[in-house]
Amino acid sequence: MSEAIPVTRTVDHGTAKLMPDVDRERAWLLTVDGAPQSYVDLDEPGHLEFEYARRLGFALDLVDGPGCPLDVVHLGGGALTLPRYLAATRPGSRQHVVEADRALLDLVVERLPLPGGSGVTLHAADARAWLEAAPDDSADVIVADVFGGSRVPAHLTSLDYAREAERVLRAGGVYLANLADGAPFGFLRSQLATFASVFEQLALIAEPGVLRGRRFGNAVLVASHRPVDTAGLARRAAADAFPARVEHGAALRDFAGGARPVQDAEAVASPEPPDGAFGIG
C-alpha cells in the first residue's frame, strides 16, 4: 500500500495540515495554524485519541440507552471525529455539523470522506447564527467544540447563546462543550455561571492538575435539565489512560465562586493558551 502523504492547504481561517499517523494505517492528525484540531482513524472511528474527545465520548455514551440513535448538533467540525464516532456507535443517528470554515470542510470531505449512510449533514456557517435559526426542541445533544485558532470565540460564551442552545434542545437534552482555561479560571468560572443560569444540572470533567491550577488545559462542560449521571462519568473518566475528575453539585458551585453570567456586550474569547499547551480544540 502506498505511503500516506501529509497535506497542507490554505483554508478560510488559516493553514490546515493533515498528517498521517505512522503507528495507525489510516489515521490522521488535523492542525490549523499549528494548533491540534482533530484526530481521526478511518478504520476505527470509535478510537478517540485526544483526552478531551474521549471525555466528550464518555458523556455521549451515557445519553439515553447505549446504541440508541440520537439527533445531534455539532458546533465546530474539524475532521468530524465525534460525528464519525456517533455514526459508528449509534447507527441511525441524525447529525448536523456546523463549521464556519468552508474550505476546511472541503478538505476534510475530500481527504477523509465520511462513510456512506453516516447520517451526517454538513453546514458551512457560523455556529451561533445557525443555532439561532434552528427549530425549537430539535436536538437530543449539542456538542460545542469551536475554537478560533486556540480560543473559544466570544459570541459562543454568553447568556443569550446559552439560551439559544437550551431552546434547540429537547426536554432532557444535553449540552456538551469543550472549554480551555488555566488559573485563576476567570473564563471557566464565567461559563459555569452562565450555563447554571439556564440549565438545572451541570458537571465538569477535567484532569486534577488543571482543576488545581497547575497547568492550562481542557475541561468538558455537561449541562442539562435532567440529572447528569455523574457516577457513570466519574467511573469512565477515572479509568482513562489520563484520569480525570468529575465535579458537580456543591463542589462545582464552590469552584465557580462569585462569577456572574456573561452578557453579549462583555463576552470575551477564552484565554490564549501558553506555549506548549496540548490538546486545544
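The values are calculated or read from the model by the stated rules, or taken from the named source; none is laboratory data. These numbers come from a predicted model, not from an experiment. Heads up, the Cβs are rebuilt from the backbone with ideal geometry, glycines too, and the neighbour counts pull from every protein chain shown. Only protein heavy atoms, including side chains, enter the accessible area calculation; ligands, DNA and RNA are left aside. Shrake-Rupley method; radii C 1.70, N 1.55, O 1.52, S 1.80 Å.
Only one residue in Ala79, Ala125, Ala59, Ala87 is out of contact with any Leu (no Cβ under 9 Å at 6 or more places or on another chain), of a type outside the set (S, T, N, Q) and open to solvent by less than 50 Å² (accessible area, probe 1.4 Å), so which one is that? On inspection, the qualifying residue turns out to be Ala125.
For Val97, the criteria (1) in a loop (DSSP other than H, G, I, E, B); (2) farther than 20 Å from Asn218 by Cα; (3) of a type in the set (Val, Ile, Thr) hold in every case but one, which is (1). Candidates Pro153, Pro208: the one that is of a type outside the set (D, E, K, R), modelled with pLDDT of 95 or more, touching a Lys or Arg at 6+ places or on another chain (Cβ under 7 Å) and within 24 Å of Asp275 (Cβ to Cβ) is Pro208. Picking from residues in the range 17-42 that are open to solvent by less than 20 Å² (accessible area, probe 1.4 Å) and small (Gly, Ala, Ser), the one that is nearest to Asp145 (Cα to Cα) is Ser38.
Residues that are in contact with a strand residue (DSSP E or B) (Cβ under 6 Å, 6 or more places away or on another chain), of a type in the set (A, V, I, L, M) and without any contact (Cβ under 8 Å) to a residue 60 or more places away in the chain within the range 149-173 comprise Ala165, Leu169, listed in sequence order.
Annotation: Leu107 fulfils all but one of (1) open to solvent by less than 30 Å² (accessible area, probe 1.4 Å); (2) in contact with a Lys or Arg (Cβ under 8 Å, 6 or more places away or on another chain); (3) part of a loop (DSSP other than H, G, I, E, B); the unmet one is (3). Take the conditions (1) touching a residue at least 12 places away in the same chain (Cβ under 8 Å); (2) more than 25 Å from Leu221 (Cβ to Cβ); (3) open to solvent by 10 Å² or more (accessible area, probe 1.4 Å); (4) outside any loop (DSSP other than H, G, I, E, B); Thr8 misses just one of them, which is (1). Beta carbons closer than 8 Å, at least 6 apart along the sequence or on distinct chains, pair a first residue in the range 104-129 that is in contact (Cβ under 8 Å) with a residue 60 or more places away in the chain and under 17 Å from Tyr39 (Cα atoms) with a second that is surrounded by 19 or more Cβ atoms within 10 Å (Cβ to Cβ) and of a type in the set (Val, Ile, Thr) for Leu104/Val32; Leu112/Val40.
For the range 86-93, the criterion of a residue being touching a Pro at 6+ places or on another chain (Cβ under 6 Å) and on the phi > 0 side of the Ramachandran plot is satisfied by at least one position. Residue-level analysis places Phe242 among those that are surrounded by fewer than 16 Cβ atoms within 10 Å (Cβ to Cβ) and touching a residue at least 40 places away in the same chain (Cβ under 8 Å). Each residue in the range 242-281 was checked for being part of a loop (DSSP other than H, G, I, E, B), modelled with pLDDT of 95 or more and touching a strand residue (DSSP E or B) at 6+ places or on another chain (Cβ under 8 Å), and 4 of them qualify. Filtering Arg55, Arg90 for residues that are over 20 Å from Pro153 (Cβ atoms) and touching a Cys at 6+ places or on another chain (Cβ under 8 Å) leaves a single hit, Arg90. Among the residues of the range 128-155, those that are of a type in the set (D, E, K, R) and either within 17 Å of Val11 (Cα to Cα) or open to solvent by less than 40 Å² (accessible area, probe 1.4 Å) (or both) comprise Arg128, Asp140, Asp145. When the residues of the range 47-101 are filtered to those that are acidic (Asp, Glu) and touching a residue at least 40 places away in the same chain (Cβ under 8 Å), the one that is farthest from Gly232 (Cα to Cα) is Asp101.
The residues of the range 90-106 that are over 20 Å from Leu30 (Cα atoms) and in contact with a Leu (Cβ under 7 Å, 6 or more places away or on another chain), listed by number, are Arg90, Ser93, Gln95. Just a yes or no: is a residue in the range 158-178 in contact with an Asp or Glu (Cβ under 7 Å, 6 or more places away or on another chain) and of a type in the set (Asp, Glu)? Yes, some residue in the range 158-178 is in contact with an Asp or Glu (Cβ under 7 Å, 6 or more places away or on another chain) and of a type in the set (Asp, Glu).
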